[in-house]
Structure formats: structure tokens, C-alpha cells
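Contents: one structure, followed by commentary.
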């Protein structure tokens, strides 16, 4: 506690928002790390199994998606699988609509990390300026004996500590946002690939149903009946 109180006494008020940023980044990074660990370990396997089931037994594919609703990919695919004999466009639009609703959860905190990356060095620079102002205000050209060296050294210490703190917080946030952005892009690629394969299978099944004389899209009939 003595070290921290000394740091805050020396560095000044600028260190408080930097401390808040660091606590936020660390706490949210732990939550996001658990989230992305679950997705990166479960979703690739789930995507392969779902595509294989949908190609062979579509009804089992829907059941599998319902059993894994904690995965964003499962909720996206289920939005299309629950439709009754949809057309290819309807099938794709259902997945795209659900994907748009899932993106905010997948990108959670990324904008905040990016803001902290840009703002932390600026706060450190602000502390540098205020520290140098304090140091120069303690200077006295006529003071040959250097009786005000304490004020000068205190201002320099404030300038150095806040600068270092701003760089450290920005570095931590930059590493965090880079890791999670890569995880986000990887999962988005997986979702797009899985969605494309599901749409292709549905298109092939729909073309076969044309040959058999089956209905194209019973959803519109059911909607019309309800109206």
C-alpha cells in the first residue's frame, strides 16, 4: 500500500483514469477470454457435425442446434432451420438477420479497447505536461543553492510516471484487442463457411424437390393463412 500511495501522490490525478482503464481491460479480458475459448474449442466441431447431419438427416440437425443454443453459430443456423420449406433466399436471409443480431455480442468491448489504446498515451502525455509545468514552476534562476529541488524532482517524477503508465495501459489494451479481433475474424469466417455450406445443401435439396413436384416455400402459405 505504501508503494501505491507513493505513486498516486507523486504521479497526480492523471493516474486515476489510467488505473480505471487497466482494471477494466483486465477484468473484461478475463470474461472475453472465457467466451472466446468456448467458441474456438466447440464451434468448429459443431459446424462440421451440423453440416453433415443437415446433409443426411435435416430433422436431427435442428435437434442438434437446439441442444447447443449457447453457441452463436447454433442460434444463427437454427433461425433458418426452423423455417418450413423456405426458398434459398429466405433461408439465407434468416441466417443473415440472426448473424446481425449476434455481431454486437461477438464484438463486445472491442470499441472500448480501441478507445483506451488511443486515449491512454494522451493521458500519459497530459501527465507529462502537468509534471513539467510543476517542475519548471519550481525553478528559480536566482536560487543558486537549489532550495526548491524537491518541487522540481516531484514534477519530473509525475511526468515520467504518468507517461510510463499511459504506455503500459495502451500496450495491454492493444494486445488484448488484437487477440480478440483475430478470434472474432476467425469465428466470422467459420460462420460464413458453415452458412454457405448449409445454403448449398438446402439449394440442392430444393432443386431435387422441384423434380419431385414439391412445394417451394410453404412459409408464405402459412403466413397467408394466418392473415
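Throughout, read-outs are computed from the coordinates displayed, never taken from laboratory work. Everything quoted here is computed from the prediction, not taken from an experiment. Backbone-built Cβ (ideal geometry, glycine too); neighbour counts: all protein chains shown.
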Highest mean packing first, using Cβ neighbours within 10 angstrom, the peptides 99-111, 118-130 sort as 118-130, 99-111
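Rounded, prolate or oblate: which fits region 33-135 when a ≥ b ≥ c are the square roots of the eigenvalues of the alpha-carbon gyration tensor, with rounded for a/c under 1.5 and prolate only if a/b beats b/c?
Working: a/c = 5.78, a/b = 3.08, b/c = 1.88.
Prolate is the answer for region 33-135, as a/c is 1.5 or above and a/b outweighs b/c.
Over region 12-213, calculate the relative contact order: mean separation of alpha carbon pairs under 8 Å at least 6 apart, over the residue count, as a percent. Could you put the intermediate results ahead of the total?
Numbers: 184 pairs, mean separation 58.5, N = 202.
Worked out over region 12-213, it gives 29 percent.
Mind running the shape call on region 59-118? Use the C-alpha gyration tensor, a ≥ b ≥ c as the square roots of the eigenvalues: rounded below 1.5 for a/c, prolate if a/b tops b/c, oblate otherwise. Provide the component values of the computation, followed by the final result.
On the way: a/c = 5.95, a/b = 2.13, b/c = 2.79.
Judged from the Cα gyration tensor, region 59-118 comes out oblate (a/c at least 1.5, b/c at or above a/b).
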Here FRET efficiency (C-beta to C-beta, residue 189 to residue 13, R₀ 35 Å, nearest 0.05) is 0.20
One checks the Cα atoms of region 12-213 and finds Rg and Dmax, in Å, of 27.4, 103
Of 36-48, 194-206, ordering from highest average Cβ density within 10 Å down gives 194-206, 36-48
Contour minus Cα-Cα span, residue 207 to residue 181, at 0.36 nm per residue, comes to 5.5 nm
With a Förster distance of 30 angstrom and the Cβ-Cβ distance between residue 35 and residue 84, calculated FRET efficiency to the nearest 0.05 equals 0.35
